[in-house]
Amino acid sequence: MRKNYFSLKSIEELANQVNLDAAYLSRIFRRFHKDTPYKSLIRLKMGHAASLLLTTDNLVKNIAFELGFENPFHFSKTFKSVYGVSPENFVKQRRLDRKPT
């Protein structure tokens, strides 16, 4: 998952790649990790998104598409569920934090 998270769209897709049933993969995954595979996948994607937002001038919609989100609104909603702020506000806050006082 860590190697291909940016191209994965679902846990079913991951399960198919490793020739396992999605439900079985979820049970095995939860046995060794504290989160579901879906939550882990989303955290990986949003971590990468945060990095791209801070280090590039890419538009939010382009980052969303790069990470496999077909709808930028869904990407923004997912980002906010992880970081507590929209992607735009995330960038604004980080830029304010970096400014010398």
**Message:** Let me confirm something: among THR36, THR78, which residue is of a type in the set (Ser, Thr, Tyr) and at pLDDT 95 or above?
**Reply:** THR78
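Of the residues PHE73, PHE65, only one is part of a helix (DSSP H, G or I), among the aromatic types (Phe, Trp, Tyr), more than 21 Å from LYS39 (Cβ to Cβ) and without any contact (Cβ under 8 Å) to a residue 12 or more places away in the chain; which? Please lay out each step first, then the result.
Working: PHE73 fails: more than 21 Å from LYS39 (Cβ to Cβ).
Only one candidate qualifies: PHE65.
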**Request:** State all residues of region 37-65 that are touching a Leu at 6+ places or on another chain (Cβ under 7 Å) and polar (S, T, N, Q); if no residue qualifies, say none.
**Result:** ASN58
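Yes or no: PHE6 at pLDDT 90 or above and either within 15 Å of PHE90 (Cα to Cα) or surrounded by 12 or more Cβ atoms within 10 Å (Cβ to Cβ) (or both)?
Values: at pLDDT 90 or above: no; either within 15 Å of PHE90 (Cα to Cα) or surrounded by 12 or more Cβ atoms within 10 Å (Cβ to Cβ) (or both): yes.
Against the criterion (at pLDDT 90 or above and either within 15 Å of PHE90 (Cα to Cα) or surrounded by 12 or more Cβ atoms within 10 Å (Cβ to Cβ) (or both)), PHE6 does not qualify.
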**Item:** Residue that is farthest from LYS92 (Cα to Cα), among those in region 23-71 that are more than 17 Å from the chain's Cα centre (by Cα) and surrounded by 15 or more Cβ atoms within 10 Å (Cβ to Cβ)
**Value:** LEU25
**Complete:** Across (1) surrounded by 13 or more Cβ atoms within 10 Å (Cβ to Cβ); (2) farther than 17 Å from PHE79 by Cα; (3) in contact with a Leu (Cβ under 7 Å, 6 or more places away or on another chain), GLU13 clears everything bar (3)
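The values are calculated or read from the model by the stated rules, or taken from the named source; none is laboratory data. Since this is a predicted model, take the numbers as computed values, not measurements. Virtual Cβ from ideal backbone geometry, glycine too; neighbours counted across all protein chains shown.
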